[in-house]
Amino acid sequence: MERCLLVSSMHHKQDSLASFLNTAFPSIMKIDNAAETRVTLLDQDFDSIVIDTPLKDEFGHMLAIYAARNPLTSVILMVQNERVDEMCKKVQEYGVMVLAKPIDEQLFTQTLNLMKAARYRMAVLKKENDDLQSKIEEIKLVDKAKCILIERFQYSEQTAHRAIEKKAMDRRMSRKEIARMIIKNSERRKE
């Protein structure tokens, strides 16, 4: 279920903004200040965060930058029309979208849809990156285990590679798990 956080110090505007957001998000949390938002973001993730400036304890652009540290969270900063260019210069490099107030409902909905699409693409890229990082870790561990086998048993590189693969197949474990076992056993022998 997609979650949205709405940060606005103007309680009378929270309800109208929440009604816009309800079309895209089944779950909306409302907070009225930056400090409480930062605390909330320490232990909760949101798909989107909408910040209606100014907030009562800060303007809101620093909060937007803070919130944008999660690459899978879309952040919209709503500012008065005359401050759009200024805020864009401050927050765009962090991936924060700036919208001018008063908000046009159709533009707001389109922006939410664009951000949703971007978030999905980012999630795919993050998964691909995580998979690549895992493969790199596996390659490093297997190479380290091969070096241990070459040193200890004078295996050739090919023989060490085959030994790890065979052990992985025989034990129905991954090459990464076998490599960790070889490394762990080698460290125990050194002690």
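Which FRET efficiency value, to the nearest 0.05, is calculated for R3 and R162 with the Förster distance at 41 angstrom and r the Cβ-Cβ distance? Kindly include the intermediate steps, with their values, before the conclusion.
Numbers: r = 49 Å, r/R0 = 1.20.
After rounding, the FRET efficiency stands at 0.25.
Assuming R0 = 30 Å, can you tell me the calculated FRET efficiency for the pair D170 and K190, based on Cβ-Cβ distance, to the nearest 0.05? After rounding to 0.05, the efficiency reads 0.70. Applied to segment 117-123, the Karplus parametrisation 6.51 cos²θ - 1.76 cosθ + 1.60 on θ = phi - 60° returns per-residue 3J(HN,Hα) values of 4, 5, 5, 4, 5, 5, 5 Hz, with x for Gly and Pro. Computed with a 1.4 Å probe over protein heavy atoms only, the accessible surface of segment 1-141 comes to 56 Å² per residue.
On the principal axes of its alpha-carbon atoms, segment 66-158 has extents of 74, 23, 15 Å, going from largest to smallest. In the chain, Rg over Rh equals 1.26, where Rg is the alpha-carbon radius of gyration and Rh the Kirkwood radius from pairwise Cα distances. The H on the amide N of E58, modeled in the peptide plane, is under 5 Å from the matching H of A34, each at least 5 residues off or on a different chain. Pairs exceeding a 28 Å alpha-carbon distance, out of K30/K90; K89/K116; K101/K127; K56/K127; K13/K90: K101/K127; K56/K127. The slack between D85 and R152, meaning 0.36 nm per residue of separation minus the straight C-alpha distance, is 17.7 nm. Here the simple spin-label model places points 7 Å from the Cα toward Cβ, and for A118 and Q92 these points are separated by 1.1 nm. Among rounded, prolate and oblate, which fits segment 1-77 when a ≥ b ≥ c are the square roots of the eigenvalues of its C-alpha gyration tensor, a/c under 1.5 means rounded, and a/b larger than b/c means prolate? The shape class here is oblate. Between D85, D57, D170, the GNM of the chain built on Cα springs shorter than 10 angstrom shows D170 fluctuating the most. Cross-link partners of K140 among aspartates and glutamates, defined as those whose alpha carbon lies under 17 angstrom from its own and excluding same-chain residues fewer than eight positions apart: D130, D131, E151, E157, E165, E177, E187.
Among T40, T159, the order of accessible area from largest down is T159, T40, computed with a 1.4 Å probe on protein heavy atoms. Taking R119, R38, R152 as the candidate residues, the one with maximal mean-square fluctuation in a Gaussian network model of the chain, Cα springs under 10 Å, is R152.
Amide H to amide H, with H built 1.01 Å from N, R3 comes under 5 Å of D47, S48, counting only residues 5 or more places away or on other chains.
When the residues F46, F59 are ordered by accessible surface, computed with a 1.4 Å probe over the protein chains alone, the sequence from largest down reads F59, F46. Take the Cβ atoms of H11 and Q133, set R0 to 30 Å, and the FRET efficiency comes out at 0.10. GNM on the chain, alpha-carbon springs under 10 angstrom: the most fluctuating residue among K90, K146, K127 is K146. Among the protein heavy atoms of segment 1-108, carbon and sulfur supply 52% of the accessible surface, probe 1.4 Å, non-protein parts ignored. Once backbone amide H atoms are built at 1.01 Å from N, L99 has L77, M78, V79 as its partners under 5 Å, excluding neighbours fewer than 5 places away on the same chain. Rounded to whole numbers, the Karplus 3J(HN,Hα) couplings from phi for segment 105-116 are 4, 5, 4, 4, 5, 4, 4, 4, 5, 4, 5, 4 Hz, using 6.51 cos²θ - 1.76 cosθ + 1.60 with θ = phi - 60°, and x at Gly and Pro.
The values are calculated or read from the model by the stated rules, or taken from the named source; none is laboratory data. In this text the structure is predicted, and so the values were computed from the model without any measurement. With ideal geometry, Cβ positions are generated from the backbone for all residues, glycine too; neighbour counts draw on all protein chains shown. Please note that ligands, DNA and RNA were not included when accessible areas were found on the heavy atoms of the full protein model with its side chains. Shrake-Rupley method; radii C 1.70, N 1.55, O 1.52, S 1.80 Å.
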